[in-house]
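Reviewing the structure listed below.
The values are calculated or read from the model by the stated rules, or taken from the named source; none is laboratory data. Nothing here was measured: the structure is a model prediction, and the numbers come from that model. Heads up, the Cβs are rebuilt from the backbone with ideal geometry, glycines too, and the neighbour counts pull from every protein chain shown. Remember, those area values only see protein heavy atoms, side chains included, never the ligands or the DNA or RNA. Shrake-Rupley method; radii C 1.70, N 1.55, O 1.52, S 1.80 Å.
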Amino acid sequence: MEKKNLDWANIGFSYIQTDKRYVSHYKDGAWDEGVLTSDASITLSECAGVLQYAQTCFEGLKAYTTEDGRIVTFRPDQNAKRMVNSAKGLEMPPFPEERFLEAVEMTVAANAAYVPPYGSGATLYIRPYMFGSSPVIGVKPAEQYQFRMFVTPVGPYFKGGARPLTIRVSDFDRAAPRGTGNIKAGLNYAMSLHAIVSAHEEGYDENMYLDPQTRTKVEETGGANFLFVTRDNKIVTPKSNSILPSITRRSLVHVAKEYLGMEVEEREVLLSEVKDFAECGLCGTAAVISPVGKIVDHGTEICFPSGMEKIGSVTQKLYDTLTGIQMGRIEAPEGWIHEIPVK
């Protein structure tokens, strides 16, 4: 298949409109069959539930061109399950998991010319999302919904690729205890916008959010989970009920255990112990894993031995192994790679 004429090596992490997107409507207690459409616009009532009370959730996953030329996605069944959980948490009708996977196949196949070629460093980002579409003026769930999915080719999430990041300990809270932090709700990300803009204005790449109850434990950033490496090469990831369960983090944990033979701990991580770790990374769909070189806690710098010039050796092994699995260079665990049938 002939690819679109794009500068694949230099595209950023931004929206590029593609040819087709998937749309399904929920009305009278059921989802319709769903269709592919070339219309990228949405028409809504001024009183739609999503506009009045932020009743919306989303997912993010990627499609890749493997070394042997296939187009694949990475663990889309896990995104389908997580979106069901998010919908339930917002009193929205879950979109069936099997139909989610069908929508991924249809949307990626219809935009196969936008899937970046192997070795370009770019990927096809897939954005499924759902929102309340019917008018709601009292505080209650909407009665009608839309499930939609579009794709866009993207480059690295952080400018400069895998250079070590500098992040700050934020004075803001990302999510309330027993709130919505463990689901992928749009409102969680809206709450992080002021914090990330102010961080960028002060020269930081991201925020480290602490637990809002005691402000002594590491949670996550606005869009990624933390992963630490101890000085004796043990992987440690923070555990909290208000952290979004990252599919990438869970995959990296499996890679560390089963492919690299490393010990892994998922536990509460105190801010006071961060200075003792050898490496730190941020993991998520968009970036896979990005190294952190320095954390600034209100003027006190925590500098990791891996430094600010290059990615740490363990973080590099994790990145290389997981991307090798995604790109078909390394054999994947059963069920991790979902091939897209393209006619």
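Using the structure shown, list the pairs from LYS234/LYS257; LYS184/LYS234; LYS27/LYS184 with a Cα-Cα distance above 20 Å, or answer none.
LYS184/LYS234; LYS27/LYS184
Before rounding to the nearest 500, sum -39500 (n - 2.57) across all DSSP H runs of length at least 4 in the chain and divide by the residue total; then give [θ] at 222 nm in deg cm²/dmol.
-6500 deg cm²/dmol
If the cut-off is 13 Å between C-alpha atoms, which aspartates and glutamates fall inside it for LYS4, apart from same-chain ones fewer than 8 positions away?
ASP19
Ranked highest first by the average count of other Cβ atoms within 10 Å around their residues, in what order do 286-292, 308-314 fall?
Packing proxy ranking, top to bottom: 286-292, 308-314.
Out of SER45, SER192, SER251, any idea which swings most in a Gaussian network model of the chain, alpha carbons joined below 10 Å?
Of SER45, SER192, SER251, the most mobile in the Gaussian network model is SER45.
Compute the orientation-averaged projected area for segment 259-336 from the convex hull of its Cα atoms and round it to one decimal in nm².
Dividing the Cα hull surface by four gives the mean projection, 6.7 nm².
So, how do all the Cα-to-Cα distances of segment 275-318 break down into 10 Å bins, in percent, from 0 on up?
For segment 275-318, the pair-distance distribution reads 30, 51, 18, 1.
Average projected area of the Cα convex hull of segment 31-112, in nm²?
Result: 6.5 nm².
Rank GLY29, GLY293, GLY186 by mean-square fluctuation in a GNM of the chain with C-alpha springs under 10 angstrom and give only the top-ranked residue.
GLY29
Based on the mean of other Cβ atoms within 10 Å per residue, sort peptides 83-96, 11-24 so the most packed one is first.
Per-residue mean Cβ counts within 10 Å order the peptides as 83-96, 11-24.
Over the chain, what relative contact order in percent results from Cα pairs under 8 Å that are six or more residues apart?
With pairs under 8 Å counted, the relative contact order is 20 percent.
I'd like to know how segment 196-343 sits against the 2.2 N^0.38 Å rule of thumb: what's its Cα Rg over that expected value?
Normalised by 2.2 N^0.38 Å, the Cα Rg of segment 196-343 equals 1.08.
In segment 9-84, which GluC sites (Glu not before Pro) are in a loop and have at most 12 other Cβ atoms within 10 Å, using DSSP for the loop call?
Counting only loop positions with at most 12 other Cβ atoms within 10 Å, the GluC sites (Glu not before Pro) in segment 9-84 are GLU33, GLU46, GLU67.
How large is log10 I(q)/I(0) at q = 0.19, 0.23 Å⁻¹ when the Debye formula is applied to the Cα atoms of segment 163-250, each weighted equally and without solvent?
-0.89, -1.24
Please report the projected area of the chain's Cα convex hull averaged over all directions, in nm².
For the Cα atoms of the chain, the hull's average projected area reads 17.5 nm².
Pop out the carbon and sulfur fraction of the accessible area of segment 106-177 as a percent, whole number, probe 1.4 Å.
Solvent-exposed carbon and sulfur of segment 106-177 make up 59 percent of the total.
Quick one: grab Rg to one decimal and Dmax as a whole number for segment 61-104, Cα atoms only, in Å.
Final numbers for Rg and Dmax: 12.8, 43 Å.
Hey, which aspartates and glutamates would be in cross-link range of LYS239, C-alpha to C-alpha under 15 Å, not counting anything within fewer than 8 residues on its own chain?
Cα-Cα hits under 15 Å: ASP211, GLU219, GLU220, GLU265, GLU266, GLU268, GLU273.
Over the Cα atoms of segment 23-69, how large are the radius of gyration and the largest Cα-Cα distance (Dmax), in Å?
Cα radius of gyration and Dmax of segment 23-69 are 15.9, 49 Å respectively.
Can you give me the P(r) profile for segment 90-180? Cα pairs, bins 5 angstrom wide beginning at 0, each as a whole percent.
So the P(r) values, bin by bin, are 2, 10, 13, 13, 14, 15, 15, 12, 5, 1, 0.
So what is the accessible area of segment 192-328 per residue, in Å², with the probe set to 1.4 Å?
Computed with neighbouring chains in place, this is 42 Å² per residue.
Ignoring ligands, DNA and RNA, please state the percent of accessible area on segment 238-297 from carbon and sulfur, probe 1.4 Å.
44 percent
Given R₀ = 45 Å, FRET efficiency for GLU265-LYS343 by Cβ-Cβ distance, to 0.05?
Efficiency, rounded to the nearest 0.05: 0.45.
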